[in-house]
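To start, the structure itself, in structure tokens.
The values are calculated or read from the model by the stated rules, or taken from the named source; none is laboratory data. Quick caveat, the model's predicted, so the values are computed rather than measured. With ideal geometry, Cβ positions are generated from the backbone for all residues, glycine too; neighbour counts draw on all protein chains shown. Just so you know, the surface numbers come from the protein's heavy atoms only, side chains and all, with ligands and any DNA or RNA stripped out. Shrake-Rupley method; radii C 1.70, N 1.55, O 1.52, S 1.80 Å.
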Amino acid sequence: MSFKIKDGITWVGKVDWELRSFHGEDLSTHRGTTYNSYLIRDDKVALIDTVWEPFAEEFVEKLKKEIDLNDIDYIIINHGEIDHSGALPVLMREIPDTPIYCTQNGIKSLKGHYHQDWNFVPVKTGDKLSLGKKELIFIEAPMLHWPDSMFNYLTGDNILFSNDAFGQHFASENMFNDLVDEAEVYQEAIKYYANILTPFSKLVAKKIEEVLSLGLPVDMICPSHGIIWRKDPLQIVKKYQEWAGDYQENQVTIIYDTMWNGTRRMAETIASGIKESNSDITVKLYNSARSDTNDIITEIFKSKAILMGSPTVNRVVLHSMAVILGVIRGLGFKKKKAAAFGTYGWSGESVKLITEELERAGFEIMDEGIRVMWNPGPDDKKVCVEFGRKIGDILKD
Ligand code: FEO
């Protein structure tokens, strides 16, 4: 599959319907993904990015049907991660002298991955590459989301090639936002932001400001994953500005793990207490052992507060809880509140441990938390409801 984006611009990437995890097994991709590669034909020919390594041979064979590879004048690699640069070794065997334009950090990354001394041309923000009637302007975007990341702007067609930014893991044969269910696309876009870009939100906000201040018209945004933003392309830029601004909805998410349902009963009773005192707030419950970690992270991203609960096991917490605590510490959420709860049989450290971890992860602790011995009885349930009511009050707008 290849398709025309505009006169002289062809999508030559790969739709990967099958993919269910990314970054190894670390990130779930329920709707597959695409690896977008773009061929620009002007007086000169430029290829922007490639595809993931397992599809390298297929990519190069398809590209040969599109163009004589020797007619490619420039290869632009916006980001060295393997999902975009993975076909380079196969491609460069065919056209070994073709220059590869990337950032200085891109050279380090590509050399580190492939150990080849290809014809690298380092570029920085503001550098231009004339293709004839149009030119590509390079914009470095360090830490969005790797040090080497870069955008390009194509004059004449007013297209921003944004690499991972504004992308989504979303497989589709209809590759434009006006041809698909945008609600689905946004579910994947926010999941992508929450799980990958959250730690870099300050840089996201600054980079968007910088790009907008150039005053360049943007008719289309072509990311490296998922659909192309053609209808009202700046809508995703506005969403990113919102998401980068310590985003939160009127939601509290309760995440728990449970051995014999005691902590689950606490979670559900606390939830009922929250709704009693604060009927406007959305309350969502997730058993962390039975839910997708990245979906939970997306819900945390959307929340103004979270409650986390685990029984005490061997003086610590159940392992699914430890995983979530580790992930949120790395993501560095800002301006969110939290508290802990849990059951225990004898030593009972889980609530204190979770609270300490939440504090370390940057959450504002709303309450020292509650713990219940064994399975909650009627008096314990009253305590849970009271706790929920208190949390509901704190979270009133
Ligand atoms: Fe899609 Fe950072 O690679």
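Quick notes on this one:
- Any hit, region 301-320, residues being among the charged types (D, E, K, R), more than 24 Å from SER28 (Cβ to Cβ) and open to solvent by less than 40 Å² (accessible area, probe 1.4 Å): yes
- Total residues in region 163-179 satisfying the condition of being assigned to a loop (DSSP other than H, G, I, E, B) and either under 11 Å from TRP229 (Cα atoms) or within 16 Å of the ligand (Cβ to nearest atom) (or both): the figure is 9.
- Hits in region 63-84 - residues which are away from the ligand (no atom under 16 Å from the Cβ), touching a strand residue (DSSP E or B) at 6+ places or on another chain (Cβ under 7 Å) and aliphatic (A, V, I, L, M): ILE67, ILE72, ILE75
- Subset of region 341-370 [within 22 Å of GLU249 (Cβ to Cβ) and assigned to a strand (DSSP E or B)]: GLU364, ILE365
- Identity of the residue in region 195-216, under 26 Å from ASN158 (Cβ atoms) and small (Gly, Ala, Ser), that ends up least open to solvent (accessible area, probe 1.4 Å): ALA205
- Within region 235-259, the only residue that satisfies the criterion of being surrounded by fewer than 16 Cβ atoms within 10 Å (Cβ to Cβ) and touching a Pro at 6+ places or on another chain (Cβ under 8 Å) is MET259.
- Qualifying residue in region 186-195 (condition: hydroxyl-bearing (Ser, Thr, Tyr) and in contact (Cβ under 8 Å) with a residue 60 or more places away in the chain): yes
- Exactly one residue among ALA87, ALA46, ALA56 is more than 16 Å from the ligand (Cβ to nearest atom) and either surrounded by 18 or more Cβ atoms within 10 Å (Cβ to Cβ) or among the basic types (Lys, Arg) (or both), and that residue is ALA46.
- VAL51 surrounded by fewer than 18 Cβ atoms within 10 Å (Cβ to Cβ) and among the hydrophobic types (A, V, I, L, M, F, W, C): no
- Exactly one residue out of GLU140, GLU94 is out of contact with any Leu (no Cβ under 6 Å at 6 or more places or on another chain) and not polar (S, T, N, Q), and it is GLU140.
- Residue check, TYR192 in a helix (DSSP H, G or I), aromatic (Phe, Trp, Tyr) and surrounded by 22 or more Cβ atoms within 10 Å (Cβ to Cβ): yes
Each row is one residue, and each column tells you yes or no for (1) away from the ligand (no atom under 16 Å from the Cβ); (2) in a loop (DSSP other than H, G, I, E, B); (3) closer than 19 Å to ARG41 by Cα.
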position: GLU61; (1), (2), (3): yes, no, yes
position: PRO96; (1), (2), (3): yes, yes, no
position: ASN105; (1), (2), (3): no, no, no
position: TRP118; (1), (2), (3): yes, yes, no
position: ILE137; (1), (2), (3): yes, no, yes
position: HIS145; (1), (2), (3): no, yes, no
position: PHE161; (1), (2), (3): no, no, yes
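- Here the condition is being aliphatic (A, V, I, L, M) and within 28 Å of GLU25 (Cβ to Cβ); of LEU212, LEU203, LEU216, it holds for LEU203 alone.
- Odd one out for LEU69 among (1) within 27 Å of HIS23 (Cα to Cα); (2) touching a residue at least 24 places away in the same chain (Cβ under 8 Å); (3) open to solvent by less than 50 Å² (accessible area, probe 1.4 Å): (1)
- Restricting attention to region 298-319, the residues that are touching a helix residue (DSSP H, G or I) at 6+ places or on another chain (Cβ under 9 Å), in contact (Cβ under 8 Å) with a residue 60 or more places away in the chain and closer than 18 Å to ARG360 by Cα total 5.
- Failed item in (1) within 16 Å of the ligand (Cβ to nearest atom); (2) at pLDDT below 95; (3) not polar (S, T, N, Q), with ASP246 passing the rest: (1)
- If you check ASP232, ASP157, ASP219 for being in contact with an Asp or Glu (Cβ under 8 Å, 6 or more places away or on another chain) and open to solvent by 30 Å² or more (accessible area, probe 1.4 Å), only one passes: ASP219.
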